[in-house]
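The values are calculated or read from the model by the stated rules, or taken from the named source; none is laboratory data. Bear in mind the structure is a predicted one, so any value in this text is a computation, not a measurement. Heads up, the Cβs are rebuilt from the backbone with ideal geometry, glycines too, and the neighbour counts pull from every protein chain shown. Just the protein is used for accessible areas: all its heavy atoms, side chains included, with ligands, DNA and RNA removed. Shrake-Rupley method; radii C 1.70, N 1.55, O 1.52, S 1.80 Å.
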Amino acid sequence: MINRIALVCSLAFWACQNQTETHTPDPLEEVKKSFEVRSSSYDSVSVVDADSLYTFYFLPKDTIEDMGGQLYGAFSLHKYDILKGDINGDGLEDAVFKYTFSPYKQNNQLTYFKILLRKEDTLQEVGEIFGGANCEGPQLSAKEIRSGNVVFHALDYANGDPCSSPSLKSTMTFKIENQKIVKL
(Lines give C-alpha, C1' and ligand atoms only; values in the text may rest on other atoms or scores of the structure.)
Protein backbone atom coordinates (compact mmCIF):
# COMPACT_ATOMS: atom_id res chain seq x y z
CA MET A 1 0.00 0.00 0.00
CA ILE A 2 2.78 2.42 0.91
CA ASN A 3 4.60 1.52 -2.32
CA ARG A 4 1.45 2.32 -4.34
CA ILE A 5 1.06 5.70 -2.63
CA ALA A 6 4.74 6.46 -3.25
CA LEU A 7 4.37 5.45 -6.90
CA VAL A 8 1.27 7.64 -7.37
CA CYS A 9 2.96 10.61 -5.67
CA SER A 10 6.13 10.25 -7.74
CA LEU A 11 4.11 9.96 -10.98
CA ALA A 12 2.07 13.04 -10.07
CA PHE A 13 5.27 14.95 -9.22
CA TRP A 14 6.88 13.88 -12.52
CA ALA A 15 3.77 14.90 -14.49
CA CYS A 16 3.75 18.35 -12.86
CA GLN A 17 7.45 18.85 -13.60
CA ASN A 18 7.09 17.89 -17.26
CA GLN A 19 3.99 19.90 -18.10
CA THR A 20 4.57 22.42 -20.82
CA GLU A 21 3.16 25.73 -19.72
CA THR A 22 1.79 27.93 -22.45
CA HIS A 23 3.05 31.47 -22.11
CA THR A 24 0.45 34.08 -23.01
CA PRO A 25 2.26 37.06 -24.51
CA ASP A 26 1.49 40.54 -23.20
CA PRO A 27 0.53 42.91 -26.05
CA LEU A 28 2.03 45.92 -24.24
CA GLU A 29 5.39 44.18 -23.83
CA GLU A 30 5.42 43.06 -27.47
CA VAL A 31 4.67 46.58 -28.75
CA LYS A 32 7.24 48.11 -26.36
CA LYS A 33 9.87 45.79 -27.87
CA SER A 34 9.10 47.08 -31.37
CA PHE A 35 9.48 50.71 -30.23
CA GLU A 36 12.69 49.89 -28.35
CA VAL A 37 14.13 48.49 -31.58
CA ARG A 38 13.00 51.62 -33.44
CA SER A 39 14.58 53.85 -30.78
CA SER A 40 18.09 52.55 -31.58
CA SER A 41 18.17 54.71 -34.72
CA TYR A 42 17.49 57.99 -32.87
CA ASP A 43 19.95 60.38 -31.24
CA SER A 44 17.77 61.35 -28.30
CA VAL A 45 15.20 59.04 -26.72
CA SER A 46 13.45 59.23 -23.39
CA VAL A 47 10.70 57.03 -21.99
CA VAL A 48 7.98 57.95 -19.50
CA ASP A 49 5.89 55.25 -17.82
CA ALA A 50 2.70 56.91 -16.56
CA ASP A 51 -0.55 55.44 -15.24
CA SER A 52 -2.24 54.69 -18.54
CA LEU A 53 0.46 55.54 -21.11
CA TYR A 54 3.95 54.36 -21.88
CA THR A 55 5.49 57.12 -24.00
CA PHE A 56 8.64 57.14 -26.14
CA TYR A 57 9.92 60.63 -26.91
CA PHE A 58 12.07 60.59 -30.06
CA LEU A 59 13.62 64.04 -30.29
CA PRO A 60 16.43 65.58 -32.34
CA LYS A 61 19.65 66.56 -30.55
CA ASP A 62 19.49 70.04 -32.03
CA THR A 63 16.68 72.23 -33.27
CA ILE A 64 16.86 71.15 -36.87
CA GLU A 65 14.58 71.99 -39.72
CA ASP A 66 15.44 69.08 -42.03
CA MET A 67 14.61 65.94 -40.12
CA GLY A 68 16.13 63.63 -42.71
CA GLY A 69 13.16 61.29 -42.89
CA GLN A 70 13.09 60.65 -39.13
CA LEU A 71 9.73 60.74 -37.36
CA TYR A 72 10.39 62.85 -34.30
CA GLY A 73 7.77 63.22 -31.61
CA ALA A 74 5.95 61.31 -28.90
CA PHE A 75 4.68 57.75 -29.42
CA SER A 76 2.23 56.92 -26.61
CA LEU A 77 1.28 53.28 -26.05
CA HIS A 78 -2.17 53.05 -24.44
CA LYS A 79 -1.77 50.42 -21.71
CA TYR A 80 -5.46 49.68 -21.25
CA ASP A 81 -6.84 50.17 -24.74
CA ILE A 82 -6.24 46.60 -25.89
CA LEU A 83 -8.73 44.20 -27.47
CA LYS A 84 -8.05 40.48 -27.29
CA GLY A 85 -9.68 37.68 -29.26
CA ASP A 86 -9.16 35.28 -32.13
CA ILE A 87 -8.81 37.36 -35.30
CA ASN A 88 -7.45 34.78 -37.73
CA GLY A 89 -9.44 31.69 -36.69
CA ASP A 90 -6.53 29.64 -35.33
CA GLY A 91 -7.99 29.36 -31.82
CA LEU A 92 -5.28 31.57 -30.27
CA GLU A 93 -5.79 34.95 -28.62
CA ASP A 94 -4.67 37.80 -30.88
CA ALA A 95 -4.69 41.51 -30.00
CA VAL A 96 -5.54 44.99 -31.28
CA PHE A 97 -3.32 47.61 -29.63
CA LYS A 98 -3.84 51.40 -29.70
CA TYR A 99 -1.06 53.95 -29.81
CA THR A 100 -0.94 57.65 -30.67
CA PHE A 101 1.73 59.77 -32.30
CA SER A 102 2.20 63.49 -31.64
CA PRO A 103 4.64 64.85 -34.26
CA TYR A 104 7.52 67.05 -33.12
CA LYS A 105 6.65 70.78 -33.22
CA GLN A 106 3.09 70.13 -34.40
CA ASN A 107 -0.26 70.41 -32.68
CA ASN A 108 -1.77 67.12 -33.80
CA GLN A 109 -2.26 63.62 -32.53
CA LEU A 110 -2.59 60.68 -34.88
CA THR A 111 -4.16 57.43 -33.70
CA TYR A 112 -3.13 53.96 -34.88
CA PHE A 113 -4.16 50.41 -34.07
CA LYS A 114 -1.59 47.63 -34.37
CA ILE A 115 -2.99 44.23 -35.32
CA LEU A 116 -1.02 41.50 -33.54
CA LEU A 117 -1.48 37.81 -34.34
CA ARG A 118 -0.37 35.16 -31.91
CA LYS A 119 2.22 32.69 -33.12
CA GLU A 120 3.25 30.27 -30.38
CA ASP A 121 4.53 32.38 -27.47
CA THR A 122 4.74 35.74 -29.27
CA LEU A 123 2.52 38.29 -30.93
CA GLN A 124 3.56 39.31 -34.42
CA GLU A 125 2.43 42.53 -36.05
CA VAL A 126 0.47 42.15 -39.28
CA GLY A 127 0.02 45.87 -39.83
CA GLU A 128 -1.70 49.01 -38.60
CA ILE A 129 -5.01 50.72 -39.09
CA PHE A 130 -5.06 54.53 -39.10
CA GLY A 131 -7.59 55.65 -36.51
CA GLY A 132 -7.82 59.36 -37.30
CA ALA A 133 -6.23 62.62 -36.19
CA ASN A 134 -7.28 66.01 -34.90
CA CYS A 135 -9.86 67.31 -37.39
CA GLU A 136 -9.33 64.28 -39.66
CA GLY A 137 -11.98 61.63 -39.68
CA PRO A 138 -13.16 59.19 -39.18
CA GLN A 139 -12.09 58.94 -35.56
CA LEU A 140 -11.93 55.22 -34.73
CA SER A 141 -12.26 53.41 -31.44
CA ALA A 142 -11.81 49.64 -31.30
CA LYS A 143 -14.89 48.00 -29.81
CA GLU A 144 -14.73 44.23 -30.27
CA ILE A 145 -13.38 41.21 -32.04
CA ARG A 146 -16.37 39.31 -33.40
CA SER A 147 -16.32 36.23 -35.64
CA GLY A 148 -12.72 36.90 -36.64
CA ASN A 149 -13.40 40.55 -37.48
CA VAL A 150 -12.20 43.67 -35.69
CA VAL A 151 -15.09 46.08 -35.22
CA PHE A 152 -14.51 49.83 -34.74
CA HIS A 153 -16.96 52.58 -33.91
CA ALA A 154 -16.29 55.57 -36.13
CA LEU A 155 -17.11 59.25 -35.81
CA ASP A 156 -16.79 61.41 -38.91
CA TYR A 157 -17.36 65.09 -39.62
CA ALA A 158 -20.58 66.40 -41.09
CA ASN A 159 -20.51 69.78 -42.83
CA GLY A 160 -20.28 72.45 -40.14
CA ASP A 161 -19.09 70.13 -37.33
CA PRO A 162 -16.46 71.77 -35.14
CA CYS A 163 -13.08 70.04 -35.08
CA SER A 164 -13.68 68.74 -31.56
CA SER A 165 -17.10 67.22 -32.27
CA PRO A 166 -17.56 64.85 -35.21
CA SER A 167 -21.21 63.81 -35.32
CA LEU A 168 -21.62 61.12 -38.01
CA LYS A 169 -21.62 57.68 -36.36
CA SER A 170 -20.84 54.45 -38.18
CA THR A 171 -19.15 51.10 -37.79
CA MET A 172 -16.03 49.94 -39.65
CA THR A 173 -14.96 46.31 -39.78
CA PHE A 174 -11.62 44.79 -40.73
CA LYS A 175 -10.34 41.23 -41.09
CA ILE A 176 -7.08 39.49 -41.93
CA GLU A 177 -6.76 37.83 -45.34
CA ASN A 178 -3.44 36.38 -46.54
CA GLN A 179 -1.58 38.22 -43.74
CA LYS A 180 -3.03 41.56 -44.82
CA ILE A 181 -5.59 43.83 -43.18
CA VAL A 182 -8.72 44.12 -45.30
CA LYS A 183 -11.58 46.58 -44.74
CA LEU A 184 -15.01 44.97 -45.17
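So which residues in the stretch 77-92 are among the aliphatic types (A, V, I, L, M) and in a loop (DSSP other than H, G, I, E, B)?
Pass one, the stretch 77-92, residues among the aliphatic types (A, V, I, L, M): 77, 82-83, 87, 92.
Hits for the stretch 77-92 are ILE87, LEU92.
Pick from ALA95, ALA74: which is under 22 Å from HIS153 (Cβ atoms) and either small (Gly, Ala, Ser) or not in a strand (DSSP E or B) (or both)? Quick ask: steps written out before the conclusion?
Working: ALA74 fails: under 22 Å from HIS153 (Cβ atoms).
Residue meeting the stated conditions: ALA95.
For the stretch 40-61, name all the residues that are over 13 Å from HIS78 (Cβ atoms), part of a loop (DSSP other than H, G, I, E, B) and not polar (S, T, N, Q).
Within the stretch 40-61, TYR42, ASP43, PRO60, LYS61 meet the criteria.
When you look at VAL37, is it open to solvent by 40 Å² or more (accessible area, probe 1.4 Å), part of a helix (DSSP H, G or I), at pLDDT 65 or above and of a type in the set (A, V, I, L, M, F, W, C), yes or no?
Numbers: open to solvent by 40 Å² or more (accessible area, probe 1.4 Å): yes; part of a helix (DSSP H, G or I): yes; at pLDDT 65 or above: yes; of a type in the set (A, V, I, L, M, F, W, C): yes.
Yes: the conditions hold for VAL37.
Just to be sure I understand, how many residues within the stretch 119-137 are without any contact (Cβ under 8 Å) to a residue 40 or more places away in the chain and open to solvent by less than 40 Å² (accessible area, probe 1.4 Å)?
4
Tally up the residues in the stretch 146-174 that are within 22 Å of GLY91 (Cα to Cα), open to solvent by less than 60 Å² (accessible area, probe 1.4 Å) and out of contact with any Phe, Trp or Tyr (no Cβ under 6 Å at 6 or more places or on another chain), please.
Of the residues in the stretch 146-174, 6 are within 22 Å of GLY91 (Cα to Cα), open to solvent by less than 60 Å² (accessible area, probe 1.4 Å) and out of contact with any Phe, Trp or Tyr (no Cβ under 6 Å at 6 or more places or on another chain).
Identify, from the list GLY89, GLY85, the residue that is among the small types (Gly, Ala, Ser), in contact (Cβ under 8 Å) with a residue 12 or more places away in the chain, in contact with a Gly (Cβ under 6 Å, 6 or more places away or on another chain) and surrounded by fewer than 17 Cβ atoms within 10 Å (Cβ to Cβ).
Values: GLY85 fails: in contact with a Gly (Cβ under 6 Å, 6 or more places away or on another chain).
Result: GLY89 is the single residue among GLY89, GLY85 that is among the small types (Gly, Ala, Ser), in contact (Cβ under 8 Å) with a residue 12 or more places away in the chain, in contact with a Gly (Cβ under 6 Å, 6 or more places away or on another chain) and surrounded by fewer than 17 Cβ atoms within 10 Å (Cβ to Cβ).
Which one of the conditions (1) over 22 Å from ASP49 (Cα atoms); (2) open to solvent by 20 Å² or more (accessible area, probe 1.4 Å); (3) not in a strand (DSSP E or B) does ASN108 fail to meet, given that it meets all the rest?
Every listed condition holds for ASN108 apart from (1).
Would you say ALA74 is hydrophobic (A, V, I, L, M, F, W, C), surrounded by 15 or more Cβ atoms within 10 Å (Cβ to Cβ) and at pLDDT 95 or above? So that I can check it myself, show each step before the final result.
On the way: hydrophobic (A, V, I, L, M, F, W, C): yes; surrounded by 15 or more Cβ atoms within 10 Å (Cβ to Cβ): yes; at pLDDT 95 or above: no.
No; evaluated as a whole, the condition is false for this residue.
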